[in-house]
Amino acid sequence: MSRKIHLTLATGDYESIRALKEGAVKPDGIELTVLTDMNSDVRHWRMLRNREFDVAEMSLSSYAVSASRDAPPFIAIPVFPSRFFRQSCIFVSGKSGIREPRDLIGKRIGTPEYQMTAPVWIRGILQDEYGVDPASVEYLTGGEEEPGRDEKLKLDLPARFKVTRIGAGQTLAAMLADGEIDALHAARIPSTFRSRPGTVRRLFENHVEVEQAYYRKTGIFPIMHTVVIRREVYEAHRWIAQSLTKAFVEAKRRVYEDLYTTSALTTMLPWQVAQVEALRRDMGEDWWPYGFEANRHVLDTFLRYHHEQGLSRRRLQPEELFAPETLSSFRI
């Protein structure tokens, strides 16, 4: 009996990886230990700074920063456990006078980290859809809810981008409510949105309609995270890229199947089945696609934003991000 290699996978506790975590789906030739007990910021920091895991879910932006540098430490597979439309994540201060996207020009905008994936998408969408040049505002970085947050990766941005740190005891959530910053681009809803009603609001109050119109126009469902392998692990066992990809695809397929069951609801969403049918109608049968070709346009758009915003030294091509073994699959 051949021995399997042991790998650790750090990822969020998503329904799309449940079958991997529980062992119902096993990657060929791999004994997988799945770690889901840390939030994304902690996981990304530990992988980027210390390379603690063999395989990890990682911020697409952080990965692209690392991939554009000499001797890149990771290689990705075309698996995307986190996606999110981010028009809902632009918050403005009640004291800012901001009413529409172009009012952001010349303003002070908070963002926990300039290189975070969510703000990269937000800046790009504001540029493409509303004419807000990413270099036309001043960015302030730091902790959203706790003081002292740093960029996970050291950045060397072009001079046209104005990025400064907030004070050691300040938080972006409080600064937004107090009017010390005009807006916030973040992955998380600031606590002051609820705790101090009237001081913080969304730029797009009708964000669902805005996001749906954006998808109809562009076909883009923004990717937040991909899955990376430590390069030395990949180089020692190149076959694991295909094996892991195949397993992630099967785990996701089972979720699609579970969500469309009518014998008993598998989530606490009362109209779960109707929502699945609406998604299939509006976004297709595979509304959360893995694989390279199905995501080429989304990835190419993101990499354009990444380069235009000064985060990658050159414009990366989508093919460069992934293990070549995963770019296509054999068909009978």
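The values are calculated or read from the model by the stated rules, or taken from the named source; none is laboratory data. Not measured: the values here are computed from a predicted model. Cβ coordinates were reconstructed from backbone atoms using ideal geometry, including for glycine residues, and neighbour counts include every protein chain displayed. Note: accessible area is taken over every heavy atom of the protein model, side chains too, but ligands, DNA and RNA are not part of it. Shrake-Rupley method; radii C 1.70, N 1.55, O 1.52, S 1.80 Å.
Each residue of segment 151-292 gets 223 Å³ once the volume of the Cα convex hull is shared out per residue.
Peptides 289-296, 99-106, 129-136 ranked from most to least packed by the mean count of surrounding Cβ atoms within 10 Å: 289-296, 129-136, 99-106.
Going down the table (LYS152/LYS246; LYS26/LYS246; LYS107/LYS217; LYS107/LYS154; LYS4/LYS246), which pairs top 20 Å between alpha carbons?
Result: LYS152/LYS246; LYS107/LYS217; LYS107/LYS154 exceed 20 Å.
Rounded to the nearest 500, the 222 nm mean residue ellipticity of the chain from helices alone is -10000 deg cm²/dmol, with -39,500 (n - 2.57) taken per DSSP H run of at least 4 residues. In order along segment 116-128, phi translates into HN-Hα couplings of 4, 4, 4, x, 4, 5, 4, 4, x, 5, 4, 5, 5 Hz, rounded to whole numbers, per the Karplus curve 6.51 cos²θ - 1.76 cosθ + 1.60 with θ = phi - 60° and x for Gly and Pro.
Put a dot 7 Å past the Cα of TRP288, heading toward its Cβ, do the same for ASP128, and the two dots end up 2.2 nm apart. Need the C-alpha centroid separation for segment 119-136 versus segment 214-271, integer Å. Using only Cα atoms to place each centre, the spacing works out to 28 Å. Taking every alpha-carbon pair under 8 Å whose residues sit at least 6 apart, segment 9-149 reaches a relative contact order of 19 percent.
Going from most exposed to least, what order do ARG216, ARG149 have by accessible area with a 1.4 Å probe?
Greatest to least solvent exposure: ARG216, ARG149.
Over all orientations, segment 198-262 has a Cα convex hull whose mean projected area works out to 8.8 square nanometres.
How would you classify segment 176-236 from its alpha-carbon gyration tensor, with a ≥ b ≥ c the square roots of the eigenvalues: rounded for a/c under 1.5, else prolate if a/b is greater than b/c, otherwise oblate? Oblate. Shown for segment 78-155 is the translational diffusion coefficient from the Stokes-Einstein equation, using the Kirkwood radius over Cα pairs, a temperature of 37 °C and a viscosity of 0.692 mPa s: 238 µm²/s. Estimated from the Cβ-Cβ distance and a Förster radius of 22 angstrom, the FRET efficiency linking LYS154 and ARG315 is about 0.60. Computed from Cα positions, the angle between helix 240-259 and the longest principal axis of the chain comes to roughly 70 degrees. Its Cα gyration tensor gives segment 1-146 an equivalent ellipsoid. The semi-axes, each the square root of 5 times an eigenvalue, are 37, 16, 14 Å from largest down.
Against the longest alpha carbon principal axis of the chain, how many degrees, from 0 to 90 and to the nearest 10, is the axis of helix 296-308 turned? Helix 296-308 and the main axis of the chain meet at about 40 degrees.
Using all pairs of distinct alpha-carbon atoms, the Kirkwood hydrodynamic radius of segment 102-197 works out to 13.6 angstrom.
Can you tell me the orientation of helix 207-218 relative to the chain, as the angle in degrees between its alpha-carbon axis and the longest Cα principal axis, to the nearest 10? Taking the Cα atoms of the chain, the angle to 207-218 is about 60 degrees. Normalised by 2.2 N^0.38 Å, with N the number of residues, the alpha-carbon radius of gyration of the chain equals 1.02.
Rg and Dmax of segment 1-48, both derived from C-alpha coordinates alone, stand at 12.1, 40 Å.
For segment 250-297, the convex hull drawn through the C-alpha positions has a volume of 81 cubic angstrom per residue.
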